[in-house]
1. Looking at Ile74, Ile68 in this structure, which one is in a loop (DSSP other than H, G, I, E, B), among the hydrophobic types (A, V, I, L, M, F, W, C) and open to solvent by 50 Å² or more (accessible area, probe 1.4 Å)?
2. Among the residues of segment 1-26, what is the count of those that are in a loop (DSSP other than H, G, I, E, B) and within 17 Å of the chain's Cα centre (by Cα)?
3. On the basis of being under 21 Å from Lys43 (Cα atoms), among the hydroxyl-bearing types (Ser, Thr, Tyr) and free of Cβ contacts under 8 Å to residues at least 24 places away in the same chain, does Tyr93 make the cut?
4. From (1) touching a Cys at 6+ places or on another chain (Cβ under 7 Å); (2) over 18 Å from Gln3 (Cβ atoms); (3) not hydroxyl-bearing (Ser, Thr, Tyr), pick out the condition that doesn't hold for Cys22.
5. Take the residues in segment 92-108 that are part of a strand (DSSP E or B) and not hydroxyl-bearing (Ser, Thr, Tyr), then tell me which one is most open to solvent (accessible area, probe 1.4 Å).
6. Name the residues in segment 77-91 that are assigned to a strand (DSSP E or B) and open to solvent by 40 Å² or more (accessible area, probe 1.4 Å), would you?
7. If you scan segment 27-39, which residues turn out to be surrounded by 14 or more Cβ atoms within 10 Å (Cβ to Cβ) and either assigned to a loop (DSSP other than H, G, I, E, B) or of a type in the set (Ser, Thr, Tyr) (or both)?
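The values are calculated or read from the model by the stated rules, or taken from the named source; none is laboratory data. Everything numeric here is computed off the predicted structure, so don't read it as measured data. No Cβ is skipped: glycine too gets one built from the backbone with ideal geometry, and neighbour counts run over all protein chains shown. Quick note on the areas: whole protein, heavy atoms, side chains included, nothing else; ligands and nucleic acids left out. Shrake-Rupley method; radii C 1.70, N 1.55, O 1.52, S 1.80 Å.
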Amino acid sequence: QVQLVESGGGLAQPGGSLRLSCAASGSIFNVNTMGWYRQAPGKQRELVADIRGGRSTRYADSVKGRFIISGDNIRKTVYLQMNSLKAEDTAVYYCNADITTGGTWVTREYWGQGTQVTVSS
């Protein structure tokens, strides 16, 4: 069984910063991709950023230059440093990972439980 555990959400002022973490645990052979999605009220879930193979990153246009995604392959953890936060960044942020499990060698997508990020003065 694979689990993704998120931490680091909360309240920030406009222009402030927050850092999200997501750790994968369980019977993991390989973490292929880890990343973050977000869903604001009344909107569809959207990709924020992800990292593939521990190196290749991609970002939503709306967060480029403000958010930084990084990964720790040994700890199977992904981080999202969010700077220059805006009110429109307010959403529930979900960790997402594409993982190959050990033993079964099955590759599938996993989701965290979500963490609320609120940007408000």
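1. On the way: Ile68 fails: in a loop (DSSP other than H, G, I, E, B).
None of the other options fit; the residue is Ile74.
2. First pass over segment 1-26, keeping only residues in a loop (DSSP other than H, G, I, E, B): 1-2, 8-9, 13-17, 26.
Applying the additional criterion that residues be within 17 Å of the chain's Cα centre (by Cα) yields 2, 8-9, 17.
Residues that pass the stated criteria total 4.
3. On the way: under 21 Å from Lys43 (Cα atoms): yes; among the hydroxyl-bearing types (Ser, Thr, Tyr): yes; free of Cβ contacts under 8 Å to residues at least 24 places away in the same chain: no.
Here the answer is no, as Tyr93 does not meet what is asked.
4. The failed condition is (2).
5. Initial filter on segment 92-108 (part of a strand (DSSP E or B)): 92-101, 107-108.
With the extra rule that they be not hydroxyl-bearing (Ser, Thr, Tyr), the set shrinks to 92, 95-99, 108.
Working: Val92: 37, Cys95: 0, Asn96: 14, Ala97: 0, Asp98: 52, Ile99: 0, Arg108: 120 Å².
Applying the filter and picking the extreme gives Arg108.
6. Within segment 77-91, the first condition is being assigned to a strand (DSSP E or B), and the residues that meet it are 77-82, 91.
Result: Tyr79, Gln81.
7. Correct list: Thr33, Tyr37.
For every residue, the table says whether it meets (1) closer than 21 Å to Ser120 by Cα; (2) at pLDDT below 95.
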| position | (1), (2) |
| --- | --- |
| Ser17 | yes, no |
| Ala23 | no, no |
| Ile28 | no, yes |
| Met34 | no, no |
| Asp50 | no, no |
| Arg55 | no, yes |
| Val63 | yes, no |
| Ile69 | no, no |
| Asn73 | no, yes |
